[in-house]
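This report refers to the structure that appears directly beneath it.
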Amino acid sequence: MTLQVGVIGTGMIGRDHIRRLTNVVSGVEIVGVTDIDQARAAAAAPAGAEVFATPSALISSEKVEAVIICSWGPAHEEQLLACIASGKPVFCEKPLVTSESAALRVMEAEVACGRRLIQVGFMRRFDSDYRRLKAVIDGGKLGAPLMFHSVHRNASVPEGLYTSEMPLNDTLVHDADISRWLLSDEVIGVEVRAPRRSSRGGALRDPVFVLLHMASGALVDVEISVNIAYGYDIRGEVSCEAGVAALPNRPATVISDSNGIRQAIPEDWRERFIDAYDQEFREWIVAASNGTASGPSTWDGYAATLVADAALRAVVSGGFEPVNMIAKPNLYGRPAAMAAE
């Protein structure tokens, strides 16, 4: 059985997912696309796919069994609610939504539906290196995790399209989500420190240092640098009671020649996480074919939104900003602190 999918948004990430679903993974067919730019949608549409005039038309179409949302963040709430109302599984690129109130409305609708329909595009959870790191932590041989150091470095960001808020409301959500997942914990508070600005970043607040306080008492420090020049560099190291576990550098091949010993650096997120993107869709296709969702949930998208909001408050206040979450609905499983016990 082949899952019939519609794609909303044919920008960079939307086109990359269309390539992936058409040429890499199996069990899926793209039968419809839509974009605010109809010409761009038509250019991105695979052979035989219909170009819909609006997202609502695509979602309501009988030929579309599941939906992939790659539109800009402020449009997600309306599209997610329409998917839930139609009972259609949906893969939503981050951010889930752009406000706490929107996240709560989406969560309320999904809980009322009675089954999970939404998977959020936090691709790091599907990366083999991160999965091995989590297996080490969960295995317990190193004892309880005490600290996690997470590094998120971009060579550069598009001038004029990336604002001073984006390291905290766009980039940080990946580090917040992977920290919660790795440590099986929730963030209860955030601090932000902005050091001397990089001359490469212009008016951007770059770099920034974020401290996440976890419910267990563990601490997570996140270094975000978005104009580091040398490449796309993602690192992570967990300090536990009886040892340390760290991600390997990628790509892992080490070259030795007359110039010395070196490793290549990925150019961007597509190169570093290409296998993770493939795997997250393989798992989504299986779940969506059964009328449901797996992986990062609406709850996880809600949690990331709250962390980003707290970080934006913290950079202004200069102090600790709490993260106050509602009680976790049963639909999304036990609270992290309980699940870790």
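The values are calculated or read from the model by the stated rules, or taken from the named source; none is laboratory data. None of these values were measured; they are calculated from a predicted model. Here the Cβ positions follow ideal geometry from the backbone for every residue, glycine too, while neighbour counts run over all protein chains shown.
One table, with the values for the structure above:
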| read-out | value |
| --- | --- |
| Test set (1) of a type in the set (Ser, Thr, Tyr); (2) part of a strand (DSSP E or B); (3) within 18 Å of the chain's Cα centre (by Cα) - SER294 fails condition number | (2) |
| Exclusive hit being in the same structural domain as VAL316 (by TED's automatic domain parsing), without any contact (Cβ under 8 Å) to a residue 60 or more places away in the chain and not in a loop (DSSP other than H, G, I, E, B), set ARG196, ARG200, ARG180 | ARG200 |
| Some residue of region 89-108 being without any contact (Cβ under 8 Å) to a residue 12 or more places away in the chain and either hydroxyl-bearing (Ser, Thr, Tyr) or buried (at least 21 other Cβ atoms within 10 Å of the Cβ) (or both) | yes |
| All positions within region 1-51 that are touching a residue at least 40 places away in the same chain (Cβ under 8 Å), buried (at least 18 other Cβ atoms within 10 Å of the Cβ) and among the small types (Gly, Ala, Ser) | GLY6, GLY9, GLY14 |
| Region 138-160 residues that are modelled with pLDDT of 95 or more and among the polar types (S, T, N, Q), paired with ones that are assigned to a strand (DSSP E or B) and surrounded by fewer than 15 Cβ atoms within 10 Å (Cβ to Cβ) (beta carbon under 9 Å, 6 or more apart) | SER150/GLU237 |
| Top-ranked residue of region 141-166 - restricted to ones that are part of a loop (DSSP other than H, G, I, E, B) and touching a strand residue (DSSP E or B) at 6+ places or on another chain (Cβ under 6 Å), ranked as surrounded by the fewest Cβ atoms within 10 Å (Cβ to Cβ) | GLY143 |
| Any chance GLU283 is under 14 Å from ASP127 (Cα atoms) and at pLDDT 95 or above | yes |
| Matching option when the condition is under 21 Å from the mean Cα position of the chain (by Cα) and more than 23 Å from ASP16 (Cβ to Cβ), among ARG132, ARG124 | ARG132 |
| Which listed residue is of a type outside the set (Lys, Arg), in contact with a strand residue (DSSP E or B) (Cβ under 7 Å, 6 or more places away or on another chain), surrounded by fewer than 19 Cβ atoms within 10 Å (Cβ to Cβ) and under 25 Å from ASN154 (Cα atoms), from GLU267, GLU223 | GLU223 |
| Unmet criterion (only one of (1) free of Cβ contacts under 8 Å to residues at least 12 places away in the same chain; (2) closer than 18 Å to GLU223 by Cβ; (3) hydroxyl-bearing (Ser, Thr, Tyr)) for SER239 | (1) |
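Results for (1) assigned by TED's automatic domain parsing to the domain that holds MET214; (2) out of contact with any Cys (no Cβ under 8 Å at 6 or more places or on another chain); (3) over 30 Å from ARG19 (Cβ atoms), shown as yes or no for each residue.
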{"position": "THR253", "(1), (2), (3)": "yes, yes, no"}
{"position": "GLY260", "(1), (2), (3)": "yes, yes, yes"}
{"position": "PHE281", "(1), (2), (3)": "no, yes, no"}
{"position": "SER317", "(1), (2), (3)": "yes, yes, yes"}
{"position": "VAL323", "(1), (2), (3)": "yes, yes, yes"}
